[in-house]
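Contents: one structure, followed by commentary.
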Amino acid sequence: MVGNSKVIQLYKFMIDENKFNKVEYYAKKMKVSSKSIYNYLAELEYYMKKYEMSIVKKSGIGIIIDGSDEEKHKLLREFLHNAPYISTTERREEIYETLIMYNKTVSINSLAEKYKVSNSSISNDLFEIEKLLTKNELFLEKNHRGTKITGKEQRIRNAQVYFLQCKVRNNIHIEKIIDLKYCHDLLKRYVNETYLNMAEKSLDFIMDRLSFDIEDIYKQQIYIQVAIFIARISKGHCLVSTPDRPFTTHLHILQTYPVALELCSIFERELNVEIGELDVKWINARIAGVYHENYNLQMKSENEFVREIVMEMIDFMSSVFETNLGEDSILVNGLTNHFVPMLSRIINNVQISNPFIEQIKDQYTAMFSVVWFATSKIEKKLWGKHLSEDEMGFLVIYFQAAIERKAISLKVAVITDVGEAQTNLLATHIKNNVPIFNVVEIVKKYNEKEISGFDILITTMPNIQATIPTVTVAPILRNVDMEKITDVYYKVLRKKTKLNSSIFKVIDDNIVLNIDGKNKENLLFSAFTLLKEKGFVKDGFYESMIQRENVSPTNLGKGVAIPHGSDDFVNESKIVIITLKEAIPWGKGNVDTIFLFAIKFDDKEEVKRIFNNIYNLIASDDFIEKLHHCENSNEAVRLLNSFIK
């Protein structure tokens, strides 16, 4: 499309103004006659036909373009050199990248020209970007030269690292290998190749000096952090202040400091810069955040604090699942080793990204919810610090593996249409590769009598119509087959779980269904008011919920959120169940089902019953769906009754 330049000029004026103006107003602005404006409007209406837009004309008031911003910008791009369309979200991400990663000063006019949009659109973009920055204590500074990001060096580094971690996480879902080479290719757009080589050599230096191996998932992240550090230091961006941290004398932090000091000395020589003590501590915090000693930490007396926290968390999880997880040495030792660097990260406010967090939340939603509350219980011992959902995701894997090691025994029948040797091989592969089954038996032929007593049927025969859950697989077990088997296992396991009647004591009549939720904050305040009026919570509970949400939004995925506040402000344990007519934004996703928790941890037996119930509720495939079909609280209560043991 090649539009008349005057038509394009009028169009830009109209979408920039975005309000009713008379034809005479535009005629004066463009220094043409009113008749010319009417001709331009007629041409505009022709171009608008393929877009969901129109020109609204009101006698005595004026004219305005009616349509979404997306449609308006599509047409503008088509006018201007047929430039490819870019969404508002993508444009804002690019502008944010320019500001935070390239440290550039931008102007509204230049950005409007680059993206072929109006100045008001760019102003809106910068407004939304500034809202995001303010949450991280960064700001947009505007002067006659343009707009740039300002703030403390610590915050800028954190923002750059987080930006890159998000890039890595987003690519987990597409077929790419996320390794150091991928991180190198990602970073080289922002960091000098020499500095990237220095960062990679730093990893070998750290591991050599401390005699340990950095796990791959941490290696990529410390590589990103060190690369950002080198790039910033080389340009003279040093720390001048850092937040106060709790004093700690953990042995591993003292062990890593000399290595951080030596590494910074190397940087000083190669970059010809001076690195101050605060920056050495910054590097040390990152090293300590991934460091672990290659021996059993539970035997070391200086880690009694760590062991105490680990065992308290394990005891809580044991009570929820009614099994002694403390007997699982793999869990105890693995969690203890994990907690040492994790506590260092918490103390030093080191953010680490869990690239698999969305998959973990999706596959282990119920476990994630219980781990969330287990960490809430121990946070007072962690200097009041809240764990991020990324950190909790790592803990979920430890506990999920432990529960699977104690999994409910399910009997599996295997029936094939291949030879005996092939059938035996398939059964062996199932036992070896899907170890959650304790009983796997070969059944020679299919009939209902033969498979009675089994929980799951695995077969190579596609046309079997069995009365028990069935998985059709290839004679040689593939990854996709193992995924299907695991999925059916969890579905069967969930059907075996039921609620305890004690759930009604904590829910009472606190069920609010099919309401219009404006936003998260209003919704939480309404629920807080409901509980406070009944005397279940007191002032401070709402603020503690918001504080937790600001650190890590409690969106579990699948449209479910579990907001909760500090038990310091709880008089009696209660749960509020809320469903919404339309999902609302909550963290990185949307939510239409809320379980709001006000839990007093004093009564251990009651807490155990509450979380055992909640685990089973959230683990149920059909409870959430059926809850949304309930029209009133009585129907919801009947639904809960149907899940009672």
_Please enumerate, by chain and number, the lysines with C-alpha under 17 Å from the C-alpha of Lys608, excluding those fewer than 8 residues away in the same chain._
Lys377, Lys498, Lys505, Lys574, Lys600, Lys645
*Angle between the chain longest axis and helix 604-619 axis [Cα atoms, degrees, rounded to 10]*: 60
*asked:* With a cap of 12 neighbouring Cβ atoms within 10 Å, and only residues DSSP puts in a loop, list the GluC sites (Glu not before Pro) found in segment 2-57.
replied: Glu52
_Extension gain (nm, one decimal) between Ile61 and Asn136, 0.36 nm per residue minus Cα-Cα_ = 22.6 nm
*Whether segment 34-133 is rounded, prolate or oblate, judged on the alpha carbon gyration tensor where a/c under 1.5 counts as rounded*: prolate
*How about segment 56-155: which trypsin sites (Lys or Arg not before Pro) there lie in a loop by DSSP and see at most 14 other Cβ atoms within 10 Å?*
Lys104, Arg145
_Candidate aspartates and glutamates - alpha carbon under 16 Å from Lys444, same-chain residues fewer than 8 apart omitted_ = Asp417, Glu420
*So what's Rg/Rh here for segment 1-41, counting alpha carbon atoms and using the Kirkwood radius for Rh?*
0.94
*Karplus-derived HN-Hα couplings along segment 149-166 (A = 6.51, B = -1.76, C = 1.60, θ = phi - 60°), whole Hz, x at Gly and Pro*: 8, 10, x, 5, 4, 4, 5, 5, 4, 4, 5, 5, 5, 5, 4, 5, 4, 5
*asked:* Run the Debye formula on the Cα coordinates of segment 509-625, all scatterers equal and no solvent, and tell me log10 I(q)/I(0) at q = 0.15, 0.16, 0.18, 0.23 1/Å.
replied: -0.64, -0.73, -0.94, -1.50
*Sequence neighbours fewer than 8 away in the same chain don't count; with that in mind, list the lysines whose C-alpha is under 26 Å from Lys201.*
Lys167, Lys176, Lys181, Lys188, Lys219, Lys235, Lys281
*Mind checking which of Thr593, Val370, Thr323 is farthest towards the positive end of the chain's charge dipole, using Cβ charges of +1 (Lys, Arg) and -1 (Asp, Glu) about the Cα centre?*
Thr593
_Keeping every protein chain present and rolling a 1.4 Å probe, give me the accessible area per residue for the chain in Å²._
48
*For segment 320-342 and segment 545-613, write down the distance between their C-alpha centroids in whole Å.*
25
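The values are calculated or read from the model by the stated rules, or taken from the named source; none is laboratory data. Bear in mind that the values here come from a model prediction, so they are computed numbers and not experimental data. In this analysis, Cβ positions are derived from the backbone assuming ideal geometry, glycine residues included, and neighbour counts consider all displayed protein chains. Remember, those area values only see protein heavy atoms, side chains included, never the ligands or the DNA or RNA. Shrake-Rupley method; radii C 1.70, N 1.55, O 1.52, S 1.80 Å.
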